[in-house]
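> Got a structure for you, questions after.
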Amino acid sequence: MLRALSLEPDRCTGCLQCEMACSYENEGVFNPAKSRIKVFAFHTEGRFAPYTCTQCDEAWCLKACPVDAIVINSETGAKDVLEDVCVGCKVCTIACPFGTINYNSSSGKVIKCDLCGGDPWCAKACPTGAITYVDADSTGLERMRAWAQNSPSGSASFVTPTEKDVQHYERVQL
Amino acid sequence: MAWTQKILRVNLSEGKVDSEPLNMEWAQSYLGQRGLASKYLVEEIDPKCDPLGPDNKLIFTTGPLTGTMASTGGRYSVVTKGPLTGAIACSNSGGYLGPELKMAGWDMIIFEGKSPKPVYLFVNNDSAELLPADAIWGKTVWEADKILHDVHQDSQIRIACVGRSAEAGCLYSAIINDLHRAAGRSGVGTVMASKNLKALVCRGTKGVGNIKDPMGFMQATENGKKILRENAVTGAGLPQYGTQVLMNVINETGALPTNNMQKVQFAGASKISGEAMHEPRKSDGKPNLTTNAACFGCTIACGRISTIDKNHFTVQNKPEYWGSSGGLEYEAAWALGADTGVDDLDTLTYANFVCNEDGMDPISFGATVAAAMELFETGAISTKETGGIEFKFGSSEALAKAVELVAAGEGFGKDLGLGSKRLCEKYGRPELSMTVKGQEFPAYDPRGIQGMGLAYATSNRGACHLRGYTVASEILGIPEKTDPLVPDGKAGLVKAFQDATAAFDSAGICIFTSFAWSLDDVAPQINTACEGDWSTERLLEIGERVWNMEREFNLKAGFTKKDDNLPPRLTTEKADSGPAAGKVNELDKMLPEYYAVRGWDEQGVPTTDTRQRLGLS
Amino acid sequence: MDHLIVGAGPAGVVAAEYLRKHDASGNVTIIGDEPEPPYSRMAIPYYLVKRIDEAGTFLRKDPGYYDNLGIEVVKDRVNAVDFNKRSASLGSGGTRGYDRMIIATGASPITPPIAGVDLPGVYHCWTLDDARHIIKLMESGNNVVLIGAGFIGSIILEALAKSGVNLTVVETENRMVPRMMNDVAGGLIKDWCVNKGVNVLTSTRVQSIEQGDPLTVNLDNGDHISADMVITATGVASNTDFLDGSGIKIDDGIVVDEFMQTSIDGVYAAGDCAQGKDFSTGGFNVQAIQPTAVEHGKLAASNIVHGHPQQHHGQVNMNVLDTLGLISSSFGMWMGVENGDVVERVDRKKFRYINLQFEDDYLVGASALGLTDRIGVLRGLIQSKIKLKEWKQKLQNDPTRLMEAYLANTQALG
Ligand SMILES: Cc1cc2nc3c(=O)[nH]c(=O)nc-3n(C[C@H](O)[C@H](O)[C@H](O)COP(=O)(O)OP(=O)(O)OC[C@H]3O[C@@H](n4cnc5c(N)ncnc54)[C@H](O)[C@@H]3O)c2cc1C
Ligand code: SF4
Ligand code: SF4
Ligand code: SF4
């Protein structure tokens, strides 16, 4: 069963643990600037929204690539960038209408979410359950609706850390 | 390694910026942030220098865990000689600025001298330049933030900035970063403005790498997070109510200073409590609290994001205050509320917004207003001095007007900007100032919590709860319960808290983790991140070393034993209600014992033995 | 069903793949006249700087890829089509019948009307074959003149400059990439390139090229430049010559409808040869860019397979360009619309620029310099016609908050 990242802005506190986890997995450095997931802050609304590639069906990035450097990973369903094939033309970065594939000037290639090969670090690091790795079918909407319903308008909303076991982090790359 | 091993030195007088290596020998003895920056300050400035003169220095500093996945690893501190106290000052802030500075590749920035013209520093990874601040000088923090974003066209820059209050010389001005996070206490913002330095704008995309044992570190920080999420305070209480979880608790303990510390319980406490912030308002049906929010890296998320009722008198026709912004923390709610007798949540939130907007420490501001109210009610000042404002306890209008005046540095706001000590001296009633070493008290009455009296009296930056939070033990039972009403054993308790806190503050993490973590939980995180062997004992020793170093700075600055005191009210006027009724603070019993456990002589001076033991030359 | 695709570029290949996937029993044939396996012109600059070899330019890397899929790739040229007989006549002789045809013949560079352009040492940079000639003369220290600093010219510029040749670029318009950037941004790109050591001459014309070793390039300002190689990049024209007289409607390119169908039933066109719908204007034009070619290919194929379910809303014209490290991009109506609103920010010192164009509550175009993070969302905002509401004002205050504008209007953020 393919799984996907479910992102729930309502649960996000803006801690950026996800960005650090992502950059560490992929680049070996705590660096939000190199994270594939990005949390956007809405100060006056008091909201945060984590956002990354949804591994969309359309796969605009993959189709736009002139050299076939983006492929579908048969195990995870993620659209993976093959670093050694990418020539850095950036056409994918304007093709993805979600802005979730980006040029990394230090490598001269593009980077995007690859679901950490099926073990997404952002979801492990997120303390509140704003990012979870779920069965593709049950993603998002249902859970998001459920959340919206149990936070009745009128009283304040807040999120506490979710219960979970101790997480283990193993670096696939490098 | 975890340190970037680089310091940015900015000579404001000459307009020069330079990079230099971090003194790694010192890093091994003082760790980082509070400890390490204090070491630099102590080595580099004359303790007797004028805090607002060019000889003082201002250090922005991160810790080794800043910008890492350690929970709460988002802290930075500002270290300088404080103008409110004349003592060493170190104010700690969260938000996102500290990590950004570290990710730009810098452990610290040392500002020295004074710029001939208003400037701000733009740090963009390796490059750092002083830019003219003409467009933002005279502007509020919030306005300056907008303008700077506009100029730099990068929504990812992080900004620390001083407001108009600092420019006007208010002595308790804060440095505000990320719009509502503050290096709040002791007037560090006033020092910044005195140097004609309006803001620090930072963009760092290099990240923090160089971790000694990366996988060990991931595991150590994960273990730490598990403890935080399973702890009742850090896993439930703080996210739900923030530090405001304390308002009702402390009131019931009979240690909620009220009306300039005349009383120890506040009738309106429940109206301004964390619980009240959740209640729908009668007027518009919305709660004060929008949500909780985290600082960088924090898995607790105690931050309050609040709104004010649009129709409230403070914000009518002022849409700039209608959105969500940083809401009341306990200390602010107390100072702006209980201490002034005001129990209107919207007014307090408004005052808090303005404190953020123009960079004032809400504790010192609120406590100074409280002192002014007592001066007013006792007839020491009248509407003549206040410009027509009736400074009565409980007056929302007076509080709202006062915060605007201090923010703008206008009228009676100039007097209020002096802080409680100078204000009360000016009007001939010094005994009405609730301060130690010139700094206003926070939200725990030492008559109801004995240990806090000693902690205030001996705090190196003047009255402060964040230097030795014995409330944890005396009220919350962390790590073990002690009786808040007895002075016995408090000397050792205060020392232990002070030393441990200094270690937490030197690491780059938030002191609130200490509700759940002891140094045993911190040591493995530092040990896997940093070169060297880092045990609990070593961290404690660093804490003690830092404490003694700060003490020595203050002694050289001219402080003596007689400054380790409390206002007479707290040692002579009995608490009149609650569990502490009939009590005064018994500082005189605790202080000699404290000197002894510290290894100081009777005058409160570290003995040669102590100095040698700690390696203080 | 016999599907015949003419042209083996990205449009043709994507169309073939889609047909294969959705019409398992049909025959899918691509006829292309270039000798190499289907490749991408876009990759040529990276071949020139030796970042990849020839095989690196191939659209699909596995040599058995087309065979395995059951796509027949024929190396031949279609000389003419008889649409009544549904038959294409081939360069090698003989004909080929079809049920459905997709014309994806791309475009060819225009040869500027300059005396001497046909001399040896003067090249286009359009095919791999051109690239093989050029790469031989791209030796460090050689003098090279590039005529044309449009989008393609500027891409070639980057490759040439990186290889260390002494480069002079001659552009008749007053700025670089005039069809992608306005005066300010185009001017900044020029300054940037000049700072990097490229001799950029705008508002200048080449009058003639004189034979000799080296060649001499004569400019209308009276200067003469000697050149070991001259490259022309002065625009492209759709490849439709072979259709002359066939009865199919041709304007700037092959005329198609919202379903990518040409004036002939059962015949579709895609890519640089097709005058497809433009999302922004609602009119039809030849965009001549890779993402559009790919979209066209997919649309044409899906309309063939599924019988016109996919009304084509048009492609957003967009480009991204890297000139020696300065990254620029443009989207849709970057030049603005009548009665529209605009926000423009420029920082000349840092070579940063952003320009957003609004019509009512919608973003309709944008261009930027030095902005790379999440720029795709510009396409999203334009193409999804996201009503910006209060975010229009917020963007006018800080146009870099694009992603926030997008998220605020697409997620329930309260
Ligand atoms: C150097 C260079 C750099 C570029 N960079 C970019 C870029 O960065 N971004 C971007 O968006 N675009 C770029 N382009 C443009 C992009 O390559 C084209 O838009 C794209 O190739 C169009 O694809 P297509 O399939 O329509 O046509 P083509 O790729 O041109 O393929 C058409 C094929 O059909 C063949 N053909 C033509 N007539 C016949 C016939 N009668 N019979 C058989 N075969 C025939 C042609 O020889 C060709 O092989 C670049 C182009 C060049 C030359
Ligand atoms: S990067 Fe964008 S286009 Fe590519 S799969 Fe992700 S969301 Fe889709
Ligand atoms: S940048 Fe790389 S992955 Fe993206 S389209 Fe170009 S070659 Fe493909
Ligand atoms: S880790 Fe979770 S809560 Fe923290 S910023 Fe990311 S999504 Fe939000």
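The values are calculated or read from the model by the stated rules, or taken from the named source; none is laboratory data. Just so it is clear, the model here is predicted, and its values are computed rather than measured. We place every Cβ from the backbone using ideal geometry, glycine too, and count neighbours over all the protein chains shown. Heavy atoms of the whole protein, side chains included, go into the accessibility calculation; ligands, DNA and RNA do not. Shrake-Rupley method; radii C 1.70, N 1.55, O 1.52, S 1.80 Å.
> With a cut-off of at least 3 residues that are in contact with a Lys or Arg (Cβ under 9 Å, 6 or more places away or on another chain) and farther than 28 Å from B:SER577 by Cβ, name the helices (runs of 4 or more DSSP H) lying wholly within the stretch B:455-530. Talk me through it step by step, then tell me what you get.
Details: elements: B:471-474, B:490-505, B:519-529.
The qualifying helices (runs of 4 or more DSSP H) are B:490-505, B:519-529.
> Right, here's the next one. Can you give me the ranges of the helices (runs of 4 or more DSSP H) entirely in the stretch A:38-138 with at least 2 residues that are away from ligand 1 (no atom under 16 Å from the Cβ) and among the aliphatic types (A, V, I, L, M)? Full working, then the answer.
Working: elements: A:60-64, A:91-95, A:121-125.
Correct list: A:121-125.
> Filter the stretch A:11-27 down to the residues that are more than 8 Å from every other protein chain (Cβ to nearest Cβ) and farther than 20 Å from A:TYR169 by Cβ, then identify the one that is farthest from ligand 2 (Cβ to nearest atom).
The extreme case among them is A:ARG11.
> For residues in the stretch C:316-367 being β-branched (Val, Ile, Thr) and touching a strand residue (DSSP E or B) at 6+ places or on another chain (Cβ under 6 Å), which is farthest from the other protein chains (Cβ to nearest Cβ)?
Filtering first and then ranking leaves C:VAL337.
> Return the pairs, sorted by first residue and then second, in which the second residue is outside any helix (DSSP H, G or I), the first residue lies in the stretch B:491-504 and is touching a residue at least 60 places away in the same chain (Cβ under 8 Å), the beta carbons are less than 7 Å apart, and the residues are 6+ apart or on different chains.
Close Cβ pairs satisfying both conditions: B:VAL494/B:GLY468; B:VAL494/B:THR470.
> Within the group A:THR54, A:THR93, which residue is of a type in the set (Ser, Thr, Tyr), away from chain B (no Cβ under 14 Å), within 16 Å of ligand 3 (Cβ to nearest atom) and over 29 Å from B:ALA529 (Cα atoms)?
Values: A:THR54 fails: within 16 Å of ligand 3 (Cβ to nearest atom).
Unique residue meeting the criteria: A:THR93.
> OK, next. All but one of (1) modelled with pLDDT of 95 or more; (2) within 14 Å of chain A (Cβ to nearest Cβ) hold for B:GLU275, so report the exception by its number.
(1)
> Which condition breaks for A:PHE30 when tested against (1) open to solvent by less than 10 Å² (accessible area, probe 1.4 Å); (2) within 14 Å of ligand 2 (Cβ to nearest atom)?
(2)
> While we're here: From the set of residues in the stretch C:236-256 that are in a loop (DSSP other than H, G, I, E, B) and open to solvent by less than 50 Å² (accessible area, probe 1.4 Å), which is nearest to ligand 1 (Cβ to nearest atom)?
If we take residues in the stretch C:236-256 being in a loop (DSSP other than H, G, I, E, B) and open to solvent by less than 50 Å² (accessible area, probe 1.4 Å), then C:ASN239 is nearest to ligand 1 (Cβ to nearest atom).
> Give the stretch C:386-409 a look and list any residue that's more than 9 Å from chain A (Cβ to nearest Cβ) and open to solvent by less than 70 Å² (accessible area, probe 1.4 Å), or say none.
Step one: filter the stretch C:386-409 for residues more than 9 Å from chain A (Cβ to nearest Cβ), giving C:386-400, C:405, C:409.
Hits for the stretch C:386-409 are C:ILE386, C:LEU388, C:TRP391, C:LYS392, C:LYS394, C:LEU395, C:GLN396, C:ASP398, C:PRO399, C:THR400, C:ALA405, C:ASN409.
> While we're on this one: I need a count of the residues in the stretch C:279-301 that are within 16 Å of ligand 2 (Cβ to nearest atom) and either of a type in the set (A, V, I, L, M) or in contact (Cβ under 8 Å) with a residue 40 or more places away in the chain (or both).
3
> Same structure again: Going through the stretch B:498-545 one residue at a time, which ones are closer than 22 Å to B:MET108 by Cα and open to solvent by 40 Å² or more (accessible area, probe 1.4 Å)?
B:ASN527, B:GLU531
> Name every residue in the stretch B:593-617 that is touching a strand residue (DSSP E or B) at 6+ places or on another chain (Cβ under 9 Å) and loosely packed, with under 15 Cβ neighbours inside 10 Å, in order of residue number. Spell out the reasoning first.
In the first step, residues of the stretch B:593-617 are kept if they are touching a strand residue (DSSP E or B) at 6+ places or on another chain (Cβ under 9 Å); the result is B:594, B:598-600, B:606-607, B:610, B:614, B:616.
B:THR607 - this is the single residue of the stretch B:593-617 that is touching a strand residue (DSSP E or B) at 6+ places or on another chain (Cβ under 9 Å) and loosely packed, with under 15 Cβ neighbours inside 10 Å.
> Limited to the stretch B:151-189, what total is found for residues that are touching a residue at least 12 places away in the same chain (Cβ under 8 Å), within 14 Å of chain C (Cβ to nearest Cβ) and among the polar types (S, T, N, Q)?
So the answer is 1.
> Taking B:ASP213 as meeting all but one of (1) within 14 Å of chain A (Cβ to nearest Cβ); (2) touching a helix residue (DSSP H, G or I) at 6+ places or on another chain (Cβ under 9 Å); (3) buried (at least 19 other Cβ atoms within 10 Å of the Cβ); (4) acidic (Asp, Glu), write down the number of the exception.
(3)
> Hey, another quick one. Could you name every one of the helices (runs of 4 or more DSSP H) located completely within the stretch C:126-200 that has at least 1 residues being free of Cβ contacts under 8 Å to residues at least 24 places away in the same chain and not assigned by TED's automatic domain parsing to the domain that holds C:GLY370?
Result: C:128-137, C:183-195.
> Given the conditions (1) within 12 Å of chain A (Cβ to nearest Cβ); (2) within 27 Å of B:ILE157 (Cα to Cα); (3) in a helix (DSSP H, G or I), which single one is not true for B:MET192?
(1)
> Restricting the stretch A:36-51 to residues that are within 10 Å of another protein chain (Cβ to nearest Cβ) and of a type in the set (Lys, Arg), which is nearest to A:GLY117 (Cα to Cα)?
A:LYS38
> Could you look through the stretch B:460-494, keep only residues that are open to solvent by less than 40 Å² (accessible area, probe 1.4 Å) and basic (Lys, Arg), and pick out the one that is nearest to B:ALA596 (Cα to Cα)?
Of everything passing the filter in the stretch B:460-494, B:LYS490 is nearest to B:ALA596 (Cα to Cα).
> Next question. Would you be able to tell me the number of residues in the stretch B:301-339 that are closer than 16 Å to B:ARG281 by Cα and assigned to a strand (DSSP E or B)?
Result for the stretch B:301-339: 2.
> In the stretch C:372-385, is there at least one residue being without any contact (Cβ under 8 Å) to a residue 12 or more places away in the chain, open to solvent by less than 20 Å² (accessible area, probe 1.4 Å) and within 13 Å of chain A (Cβ to nearest Cβ)?
Yes.
> Further question on the same structure: Please pick out the residue among B:PRO280, B:PRO239 that is within 14 Å of chain A (Cβ to nearest Cβ) and free of Cβ contacts under 8 Å to residues at least 12 places away in the same chain.
Within the list B:PRO280, B:PRO239, the selection yields B:PRO280.
> Can you tell me which residue in the stretch C:8-36 is farthest from ligand 2 (Cβ to nearest atom), limited to those that are assigned to a loop (DSSP other than H, G, I, E, B) and closer than 22 Å to A:VAL91 by Cα?
Filtering first and then ranking leaves C:ALA8.
> Filter the stretch C:283-307 down to the residues that are open to solvent by 20 Å² or more (accessible area, probe 1.4 Å), among the aliphatic types (A, V, I, L, M) and in a loop (DSSP other than H, G, I, E, B), then identify the one that is farthest from the other protein chains (Cβ to nearest Cβ).
So, considering only residues that are open to solvent by 20 Å² or more (accessible area, probe 1.4 Å), among the aliphatic types (A, V, I, L, M) and in a loop (DSSP other than H, G, I, E, B), the one farthest from the other protein chains (Cβ to nearest Cβ) is C:VAL286.
> Just to be sure, is A:VAL67 free of Cβ contacts under 8 Å to residues at least 60 places away in the same chain, among the aliphatic types (A, V, I, L, M), within 16 Å of ligand 4 (Cβ to nearest atom) and crowded, with 22+ Cβ neighbours inside 10 Å?
Spelling it out, it is not the case that A:VAL67 is free of Cβ contacts under 8 Å to residues at least 60 places away in the same chain, among the aliphatic types (A, V, I, L, M), within 16 Å of ligand 4 (Cβ to nearest atom) and crowded, with 22+ Cβ neighbours inside 10 Å.
> Then there's this: Starting from the stretch A:111-123, keep only residues that are at positive phi, then list their pairs with residues that are open to solvent by less than 20 Å² (accessible area, probe 1.4 Å) and β-branched (Val, Ile, Thr) whose Cβ atoms are within a distance under 6 Å, requiring at least 6 positions of separation or different chains.
Pairs found: A:LEU115/A:THR76; A:GLY118/A:THR76.
> Quick check on this structure: which one of A:SER106, A:SER35 is away from ligand 4 (no atom under 16 Å from the Cβ), of a type outside the set (Asp, Glu) and out of contact with any strand residue (DSSP E or B) (no Cβ under 8 Å at 6 or more places or on another chain)?
Sole residue among the options that is away from ligand 4 (no atom under 16 Å from the Cβ), of a type outside the set (Asp, Glu) and out of contact with any strand residue (DSSP E or B) (no Cβ under 8 Å at 6 or more places or on another chain): A:SER106.
> Given the criteria over 20 Å from C:GLY32 (Cβ atoms) and more than 14 Å from the chain's Cα centre (by Cα), does C:ALA233 qualify?
Spelling it out, it is not the case that C:ALA233 is over 20 Å from C:GLY32 (Cβ atoms) and more than 14 Å from the chain's Cα centre (by Cα).
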